[in-house]
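Inspection log for the structure reproduced underneath, given as structure tokens.
The values are calculated or read from the model by the stated rules, or taken from the named source; none is laboratory data. Only a predicted model underlies this, so the values are computations on that prediction, with no experimental measurement involved. When we count neighbours, we look across all protein chains shown, and the Cβ atoms used for this are built from the backbone with ideal geometry, even at glycine. The protein model used for the area step is the full one, side chains on, heavy atoms only, and it has no ligands, DNA or RNA in it. Shrake-Rupley method; radii C 1.70, N 1.55, O 1.52, S 1.80 Å.
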Amino acid sequence: MTTPEHQSPAPQPSAPETKDRVYRSPAGMAGGVLLLGLVGWLGLDAIIVGDGRTPWLALASLILLVPLIVAFTLRPAVFAGRDRLRVRNPFRVIVLPWGQVASLRSGYSNEVVAASGKKFQLWSIPVSLRARKKATRRESRAAAGRTGGQDARGGSGFGGIGGLGGGLSRGGGTVPDGPVRAETDRVMDELRELWGAREKEETAQGEVTARWAWEILGPAVAGAVVLGILLVVG
């Protein structure tokens, strides 16, 4: 008598990815932390050791500057989900369902264009012309390397001097097969790919919404008003 074999359970299909992709500027965040540290150090020093109106001026300046630094450095982010694109800029939050996106443009700045024609800049994905020029030079060298690798292989099916069927190695690295792109341009390519895959989905339809970031504007305006009053009163 043979014992029946226990069949292993069929693998369950993986759940669809629901977590948003988040894009920020590491350089902007690092600069923001440094600026906050510098402004905080100077402001607290003036509040503690200053005399007369100096502590009040320093306090009003902190209330004005800290929200602005946070707004332009730490706050900007782009959240790309399955159904929508959420753009968090310094003073606004824009939500665009993929069905309402008309295009994603890259020029001197990266921006998303809604179906209504409105344009919204992607602050957290800044354009670096220097990085683009560097990527163009790398692409030219990579294209020359790929051409040289094909000439070296000829019709024998072997790779170059480095071995069988591999890419041509230059400076210890492998020549990439695809085009070389700047980092922010690759990010825009990812967003375009996600947009193209999701724009027709029923769950990716809706209205474009935009709201002001009063949590940033409120303290900044209050600090500016207090600072102005102190300067006028003298």
Rg [Å, one decimal], Dmax [Å, integer] - the range 49-108, C-alpha atoms
18.7, 58
If I take R0 = 41 Å and measure r between the Cβ atoms of Ala210 and Ala30 in this structure, what FRET efficiency does the formula 1/(1 + (r/R0)^6) give, to the nearest 0.05?
0.90
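When the chain is fully extended, how far beyond the present Cα-Cα distance does Ala102 get from Arg53, taking 0.36 nm per residue of separation? Mind dumping the intermediate values first?
Working: separation 49, 0.36 × 49 = 17.64 nm, distance 5.31 nm.
Roughly 12.3 nm would be gained on extension.
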Using protein chains only and a probe of 1.4 angstrom, how many square angstrom of Val113 are accessible, to the nearest 10?
10
Taking Ser61, Ser124 and ranking on accessible area (1.4 Å, protein atoms only), highest first, one gets Ser61, Ser124
